[in-house]
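Here the structure comes first, spelled out in C-alpha cells, and everything after it is commentary.
The values are calculated or read from the model by the stated rules, or taken from the named source; none is laboratory data. No experiment lies behind these values; they were computed from the predicted model shown. Note: ideal-geometry Cβ built from the backbone for every residue, glycine included; neighbour counts use all protein chains shown. Areas reflect the complete protein model, heavy atoms only, side chains present, ligands, DNA and RNA absent. Shrake-Rupley method; radii C 1.70, N 1.55, O 1.52, S 1.80 Å.
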Amino acid sequence: MASLKDLRNRIASVKATQKITKAMQMVAAAKLRRAQEAAEAARPYSERMGAVLANITQAIGGGGDAPALMTGTGRDDVHLLIVCTAERGLCGGFNSQIARLARDHIRKLLADGKQVKIICVGKKGFDILRRDYGSLILERVDLREVKTLGFANADAIARKVINLFNQNGFDVCTLFYSQFKSVISQIPTAQQVIPAAQAPAAAETSNGATAVYEYEPEPGEILSDLIPRNIAVQIFRALLENAAGEMGAKMSAMDNATRNAGDMINRLSITYNRQRQAQITKELIEIISGAEAL
C-alpha cells in the first residue's frame, strides 16, 4: 500500500497534468474557430473550381486538346499517394484514422500488382506509415514551422507532384486527408486529383435550359492553367480541413483527459483520506492503550 506521502505526490502530479490538459483544451478551442472558418471558406471555391473544370471538359468533349493532367497517361500502373496528417499528436485517433485509410488503400494496390509511391505531409502520418512502407515514401513535407497555412504551402506541394508527373513518375495521384464535420466528427477522405475528376456538371439558366459558353482563349489553353491550379486548390483545402479537424480532435481529447484527471484526483483523495483516517485512529488506540496500561 502506498504511503501518505506517495499519495500526496501523486495527487499533486495529476493536478499539474490536469492544468496542462485544460490549458491545451482552451488553446485548441481558440484555434478551432479560425481553422473552421478557413476550411468552410475554402469549400465553395474548391467546389466551384470543380464545376468550372467540368463545364470546360464538356466543351472539349474529351478531345486531344485536353492536357495530360486531366486525361491521365492511359495507364494505371504507378500510384502516388499524398497523405496529409498533423505535425503533432495529442489529438486522439485523428492521425491514425487517416493513416489507416491510406494503409488499406496501399494494401489493395499492392495486392493488385500496382506500384505505390507516397508523399507524407505531416510528421505523424510519416511516423505511422514508415513502419510498414518506409521504402515507398518518396518525401516528407515538414510544416512544423508554418504558423498559418497559406496557399503558397499547398502550391509548393502541387508543383512537386506535377513535376513528378511530367517526369512519368506516376499515373494516378490520390489525396488523403480528414474532412471536418464537427468537433467530434472528422471523416477520413480519399480524393483522386490526377487524372482530374470529371464531375458531370452543366450550368443551367433560370428557365432550366443548359447554358452555352464560348471560351477565349481555347478550352485546352484554359485547362492547361486551371488544372495545375485546381490541384493546388484541392491540396490547400485538404490542409485547411486537416487543421480544423486536428483542433477539433485535440479539443475533445484534452477535454476527456481533463475529466479523467479529475476522476483520478477524486479517487486518490478518497484513498488518501481513508488511509489518513485509519492512521489517526491507530495512533489514538495506541495512546489510549498506553494510558490504560499506566
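Quick notes on this structure:
- Here r is the Cβ-Cβ distance between LEU136 and ILE187 and R0 is 35 Å; the resulting FRET efficiency, rounded to 0.05, is 0.90.
- Cross-link pairs exceeding 23 Å in C-alpha to C-alpha distance, out of LYS117/LYS147; LYS19/LYS250; LYS160/LYS250, comprise LYS117/LYS147; LYS160/LYS250.
- Overall Cα dimensions of the chain - principal axes, largest extent first, Å: 113, 48, 31
- Averaged over residues, the count of other Cβ atoms within 10 Å places the peptides 131-138, 67-74, 104-111 in the sequence 67-74, 104-111, 131-138, highest first.
- Cross-link reach list, lysines versus LYS15, counting only Cα pairs under 19 Å and skipping chain neighbours closer than eight places: LYS5
- Positive-end ranking of SER96, VAL172, VAL78 along the dipole of the chain, with charges on Cβ about the Cα centre, is headed by SER96.
- Rg ratio for the stretch 7-109: its Cα radius of gyration over 2.2 N^0.38 Å, N being its residue count, equals 1.78.
- Euclidean distance of C-alpha centroids, the stretch 219-294 and the stretch 1-49, integer Å: 8
- About the centre of its Cα atoms, the chain shows a dipole size close to 1800 debye [charges on the beta carbon of Lys, Arg (+1) and Asp, Glu (-1) only; nearest 20 debye].
- Per-atom-type breakdown for the stretch 1-141 gives carbon and sulfur 51% of the accessible area (1.4 Å probe, protein chains only).
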